[in-house]
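The next block holds one structure in the form of structure tokens; read it before the comments.
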Number of protein chains: 6
Amino acid sequence: MAGPARRPSGRAAAQMREVHLEPGWARHAEGSCLARFGETQVLCTASIEDRVPFFLRKTGRGWVTAEYGMLPRSTHERTDREAARGRQSGRTLEIQRLIGRSLRAVTDLRALGERQIRIDCDVLVADGGTRTAAITGSYVALHQALAELAGFGVLPRLPLTDQVAAVSCGIWNGAVVLDLDYAEDSNAAADANFVLTGSGGIVEIQATAESEPFEDDDFAQMLDLARTGIHDLVAAQKSVLGLE
Amino acid sequence: MAGPARRPSGRAAAQMREVHLEPGWARHAEGSCLARFGETQVLCTASIEDRVPFFLRKTGRGWVTAEYGMLPRSTHERTDREAARGRQSGRTLEIQRLIGRSLRAVTDLRALGERQIRIDCDVLVADGGTRTAAITGSYVALHQALAELAGFGVLPRLPLTDQVAAVSCGIWNGAVVLDLDYAEDSNAAADANFVLTGSGGIVEIQATAESEPFEDDDFAQMLDLARTGIHDLVAAQKSVLGLE
Amino acid sequence: MAGPARRPSGRAAAQMREVHLEPGWARHAEGSCLARFGETQVLCTASIEDRVPFFLRKTGRGWVTAEYGMLPRSTHERTDREAARGRQSGRTLEIQRLIGRSLRAVTDLRALGERQIRIDCDVLVADGGTRTAAITGSYVALHQALAELAGFGVLPRLPLTDQVAAVSCGIWNGAVVLDLDYAEDSNAAADANFVLTGSGGIVEIQATAESEPFEDDDFAQMLDLARTGIHDLVAAQKSVLGLE
Amino acid sequence: MAGPARRPSGRAAAQMREVHLEPGWARHAEGSCLARFGETQVLCTASIEDRVPFFLRKTGRGWVTAEYGMLPRSTHERTDREAARGRQSGRTLEIQRLIGRSLRAVTDLRALGERQIRIDCDVLVADGGTRTAAITGSYVALHQALAELAGFGVLPRLPLTDQVAAVSCGIWNGAVVLDLDYAEDSNAAADANFVLTGSGGIVEIQATAESEPFEDDDFAQMLDLARTGIHDLVAAQKSVLGLE
Amino acid sequence: MAGPARRPSGRAAAQMREVHLEPGWARHAEGSCLARFGETQVLCTASIEDRVPFFLRKTGRGWVTAEYGMLPRSTHERTDREAARGRQSGRTLEIQRLIGRSLRAVTDLRALGERQIRIDCDVLVADGGTRTAAITGSYVALHQALAELAGFGVLPRLPLTDQVAAVSCGIWNGAVVLDLDYAEDSNAAADANFVLTGSGGIVEIQATAESEPFEDDDFAQMLDLARTGIHDLVAAQKSVLGLE
Amino acid sequence: MAGPARRPSGRAAAQMREVHLEPGWARHAEGSCLARFGETQVLCTASIEDRVPFFLRKTGRGWVTAEYGMLPRSTHERTDREAARGRQSGRTLEIQRLIGRSLRAVTDLRALGERQIRIDCDVLVADGGTRTAAITGSYVALHQALAELAGFGVLPRLPLTDQVAAVSCGIWNGAVVLDLDYAEDSNAAADANFVLTGSGGIVEIQATAESEPFEDDDFAQMLDLARTGIHDLVAAQKSVLGLE
């Protein structure tokens, strides 16, 4: 794979954008986090509900589900409002299914009991990486909501088994780079999203060739870079949640 | 009408919440404003399009239209996402029609030419008065977008004939009060929204009895209070837009 | 405000169209009224249901709700059938919400008990003022249905606290006029709908500037005219319902 | 087949309900007819449009299409409004397709030119036989609209090749009867709708066993009765259209 | 009616296409049949459910319902996928209502008990006569599913009162012919579908003039031909179900 | 990772199910293939259209898009028909987006010219691996359709740059296994789909932890197994297409 790529942002290949996680941003929600990856801003909230979906009733198990949306002018060109069109796009459904799976992978649904946590991820500003910011921020919102339940004694302990965070990698201008922004993403030869746990387990990999197929070695490099990015994101989550 | 009401916020009857208008909040939009009325936060953006709705083609006239939405957890209890339900509620449609009418009332649509300005108002935090904050902030976003068109010489002059702003009044605990917050709104005997121009013309009045009919005198008091509120809002718009 | 306007219909400024209220028109409904304001014809029916919306279950309180529709060729040009398009327009939703609120304002929902009255207002011929005819006629239909319940001893008394009726005013050709027909409405500088009770309380005011903002004095004149119109409508309701 | 059935309405087996066709009922439509078969009332309108569906563009041929709806309280029990549910029922679609086919069978679509006639049939009161009343009345509305086009010289002659009308027959209480009303229809062993031309040609037959299969002889009796009914309906159409 | 028509397939006027019924085709369904009428292939499945529609709860009676669909490229030109368009066409709804009625006509719904059998008919290849193949094949699927219930002792006996099958006839090139294929169907002067029981009772007749009205005698010939076709279809059903 | 797993089907860990690709199955389509992976059967068709989506008009480039559906009773328990529910599920949209991307990765869209190939993948029987069968079979259908275009001289050469096929791997009962069937899939600890080209390039990887996160080594084993499976699938495609 190729030599020194000059990234539009001036970042090094293995350098993430500046990340800010701001818990408690949404006044009314049981848990929330405004997640910023560079210019990208995603507001994540966690809402606790006392009833579970039909297929879980009387099982003693809980559920975590997610919805995702973009403000119409979060994007460079205005995007049609999905509520006005009357249906969510395939991309939206795909992303919200991914967020839900990622969070459930670190939640002890039995310990949660028959409760549902609804995560809402709304993109205020989009500049690439909205789904990875959404997953990373949603974990903070989820943690906050569950800690409240545990704090009130509703749950005997926090029903979380690990942390979870996500980052993208891609092949841009012949080089493997970490955490694509929009300028890179719209122009990448390949694009991969990695969802990993705090202890390094793989929760989800979605890698897609955009302009041409890629090789095993490219993929291995992307996975390596992803691990370094996730390491930092997990540390940022710990910091804002006051863990360790 | 009754004596000294102790408002939940401690405000005087004729006292508005603190108002902040932050133009340019949305990086990608031609015009934008984050409007805060106390805790209520509405992000307003203006997007310029080169084509007009079907009924205006080849008329030489432009259009201003608006869409409104609430983030699911902008509210005290989570509200279903309209995109997921597949339809916008009657309340949503009513509010976005009101916003569009209010802005068109101060726009010279002929001077705008065959262009459409799409306003998006998205409620980030709801604490009462979202529609009045939306109208007041949208004017700033609209002004910013049109000033850009004029600045680039696309338009010979700013196609705005006046300012426009909105405020609510209500009868709460027996007294007429200005700028209801959620604690008052959910509990008011009557509720009225006033949309006025900078020069004091009436653009729209929507007054509704909630628990029982009200009298002419109540209405007159509400209109008086509204004028004082609008006076301040128009001044705030001027200030952030650098007018005068 | 300006001098002698020659209205298209030849009416004086303060003159309503001829009003006919025909109770019992719809053979199958518990209550009904065919309301005619000049050429405008709206069929209003009231249907009694034994269950209430979810949010009222086990509260002991009832509900009144309304739906509104136009026959496709009630209008000058054919309007698309909303059932065929698969969604109701914002205008439709706005009007049916208004009708529902207006009727609830004079209904003692606690005395009604856990029942729902569904009002249907369908425009057979549209010539302006369909929403005001709908409200005025619906009151008659509602009264008829509730009187039947009371007559059968299901309810100890009629759960109505007052009458309610509606009329429009507008600024047309420089003058304030009462009860706009289509020729005026499509051409008015301002347009206001007033919903008042039989005893003169204000239930709802919706005033909108069409071509330019209007002044307090215009508004005051519109409210005065409205009161005279409502006076006649309330008398017509009394007459067909055999009250007094 | 069985002996003397006592019909709920007291009619003889071969006796239709009283039929009234009132052309021109709908003030704004190019053609219209209020069709009454006993208590059943269907308002039929014909609207002329200058463009044809996509598949007919540049073919020189026109089209006749129909839509059907029921007012929510046209029925004994209130029926949900299809516009509110967001979709038309299978029954509605089936009936409107039948009306369209029936009218096209007597229309010279080439002579009509690239125009579309939209028929709207709205049931004001339902007491059985709404589709047959709709077809019979729609022919009158269609004739009126086309006669106007011919009268204005837009068309050189009336592009109709014959009349068309419809009636139902059924097996009720063991006997074959003509023109079922609701009391019979909801209780019939079989039910058939016949659409015939003025000159006796068959346009459509839809015969359905309700509770048990029927025999060839039953069917033959139904077809015979239908011919007598259609004979009267065609005469009624001629009379109100001033033909002969 | 006219003389010797040379059918596109070379068949005689009274000759059906080759018919194959293959029960048990769908591995997972309680009952199934792949029905082929010449090139036309329809996969019919029967699924048993333990609950009935709302209107039958606590009545002790069961229900049979049907759904119909076409694979997008079952047709000569690709047809839009109804799931992607978000609504089923009027034709689809009409056909599935017909299939359901036809099967219920030979099912003892009381003997079935509070169970619902859902029939799915999916057209794999369309070459005319898909609805008649669907009805004929669905009977086999239904029989298979119900025989399983009876075999397991869930039902004391097979709750079927007769067989049911369907075939089309038409007027093509001036002659009455049996079992239209696509080349004939798209070109027929009239088209009729007959649903008959094994013992010859009439369940449903749907006869439609396509290009011009037809006469009683044409209809009588069609009914005669249909009887011969149904005779063969009923025999084919018996054969594959091992009856007699 | 664990020792010798006894797979439900008795297969070895690295053993695929029997694969059959039957080109030309769908009589009317320009290209088609019935793809069977063991019990799973997916019918894939390719339809050529002369117009491209809006965003490609006048670019000289073509497009390949895909739709996916399941027959309601292709599954063990009946699945609701998406056409009847009025919307496609997130899973459906996700799969059809994947199929489209996979095929576009080996299509020279510029050489295709302004044409669209619509792929339809309909699952007749589902027993795990429907998306991988769909991709593998769709390539055959696409090749067949494009070869026809090239054969007729519409295209100068086949606009395909490589083959493409897909297979799943998973962690089941502690072991990494190839080509999961339903019994394994519903019970796997992790699940990954690999889309590779004939020359071994990676087009797409989607790996998901079901019950707990997995490790890099597990992933590496899955990728290795996938390569052996794809090798066989590519050979099967070559064989039925008569390549080499």
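The values are calculated or read from the model by the stated rules, or taken from the named source; none is laboratory data. Quantities reported herein were computed from a predicted structural model and do not represent experimental measurements. Cβ atoms come from the backbone with ideal geometry, glycine included; neighbour counts cover every protein chain shown. Please note that ligands, DNA and RNA were not included when accessible areas were found on the heavy atoms of the full protein model with its side chains. Shrake-Rupley method; radii C 1.70, N 1.55, O 1.52, S 1.80 Å.
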Could you check, for the range A:4-17, whether at least one of its residues is out of contact with any Asp or Glu (no Cβ under 7 Å at 6 or more places or on another chain) and buried (at least 22 other Cβ atoms within 10 Å of the Cβ)? no
Any residue at all in the range B:171-182 that's under 25 Å from B:L160 (Cβ atoms), open to solvent by 10 Å² or more (accessible area, probe 1.4 Å) and under 20 Å from the mean Cα position of the chain (by Cα)? no
If we keep only residues of the range B:83-92 that are open to solvent by less than 30 Å² (accessible area, probe 1.4 Å) and within 13 Å of chain C (Cβ to nearest Cβ), then the residue farthest from C:I95 (Cα to Cα) is B:G86
Any residue that is crowded, with 19+ Cβ neighbours inside 10 Å, under 21 Å from B:R97 (Cβ atoms) and small (G, A, S) - is there at least one of those in the range C:62-73? yes
Can you pull out the residues in the range A:96-138 that are of a type in the set (K, R), more than 14 Å from chain B (Cβ to nearest Cβ) and surrounded by fewer than 23 Cβ atoms within 10 Å (Cβ to Cβ)? A:R101, A:R104, A:R110
Picking from D:V123, D:V106, D:V176, D:V140, which residue would you name as being β-branched (V, I, T), in contact (Cβ under 8 Å) with a residue 60 or more places away in the chain, closer than 23 Å to D:E39 by Cβ and touching an Asp or Glu at 6+ places or on another chain (Cβ under 7 Å)? D:V176
Grab the strands (runs of 3 or more DSSP E) fully contained in the range A:154-244, keeping just those with 3 or more residues being more than 11 Å from chain F (Cβ to nearest Cβ). A:164-172, A:175-178
For the range E:21-57, give me each residue that is without any contact (Cβ under 8 Å) to a residue 40 or more places away in the chain and not small (G, A, S). E:W25, E:R27, E:H28, E:F54, E:F55
Might you let me know whether the range A:49-63 holds any residue that is more than 21 Å from F:T208 (Cβ to Cβ) and within 14 Å of chain F (Cβ to nearest Cβ)? yes
Somewhere in the range C:45-58, is a residue at pLDDT below 95, more than 25 Å from D:S89 (Cα to Cα) and aliphatic (A, V, I, L, M)? yes
Only unsatisfied item for C:H76, checking (1) open to solvent by 10 Å² or more (accessible area, probe 1.4 Å); (2) more than 7 Å from every other protein chain (Cβ to nearest Cβ), is (2)
Counting only residues in the range F:183-199 that are touching a residue at least 24 places away in the same chain (Cβ under 8 Å), open to solvent by 10 Å² or more (accessible area, probe 1.4 Å) and under 17 Å from the mean Cα position of the chain (by Cα), the one farthest from F:R101 (Cα to Cα) is identified as F:D185
In this structure, does F:A141 turn out to be surrounded by fewer than 24 Cβ atoms within 10 Å (Cβ to Cβ) and at pLDDT 95 or above? no
Scan of the range A:176-196 for residues that are farther than 18 Å from A:T75 by Cβ and of a type in the set (G, A, S), ordered by number: A:A189, A:A190, A:A192
I'd like the full set of residues that are out of contact with any strand residue (DSSP E or B) (no Cβ under 9 Å at 6 or more places or on another chain) and closer than 14 Å to D:A141 by Cα, limited to the range D:210-242. D:K238, D:G242
